[in-house]
Amino acid sequence: CLSGSDGKIKEILESVSIPPSSPGYAFPTFPSGSLVTAGGFAAQENLLIDSSSGPYSGNEWHVYVKNTHTSDDKTLFAYAVCLALQGLPQNPIYLPIILDTE
């Protein structure tokens, strides 16, 4: 369904260190005009994934965790895949439609 478009698939990976006994998050984000189509995460042991993780907006993927370890930082890896449509206006122009009823 993308034939004829200049659509490009892009991936982004974000890694963050989560302090002991703390919540944390990763927000892989694409530029405006991109559409996140998939995402996921990899987490070290003792990181509990929050059920609200997933697509957040058109260009972001959120992963929320809690580090249950009491003395060590743990690393969260979050990734997102997006579709960037090239050649489309960033700010679409809307033209009025005038209907002649005569």
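Each reported figure results from applying straightforward, stated rules to the coordinates on display, with no laboratory input. It should be emphasised that the depicted structure is a prediction, and the values quoted were computed from it without experimental measurement. All Cβ positions, even for glycine, are placed from backbone atoms using ideal geometry, and neighbour counts span all protein chains on display.
Treating cross-link reach as a plain straight distance, find the lysines whose alpha-carbon is under 28 Å from the alpha-carbon of residue 74, omitting any fewer than eight places away in the same chain. Answer for residue 74, where 28 Å is the Cα cut-off: 10, 66, listed by chain and number.
Spin-label pair residue 72-residue 51: with each label point 7 Å from Cα along the Cα-Cβ axis, the two points sit 2.9 nm from one another.
Put a dot 7 Å past the Cα of residue 44, heading toward its Cβ, do the same for residue 15, and the two dots end up 1.0 nm apart.
Among 21-32, 61-72, the peptide with the highest mean count of other Cβ atoms within 10 Å heads the list, and the full ranking is 61-72, 21-32.
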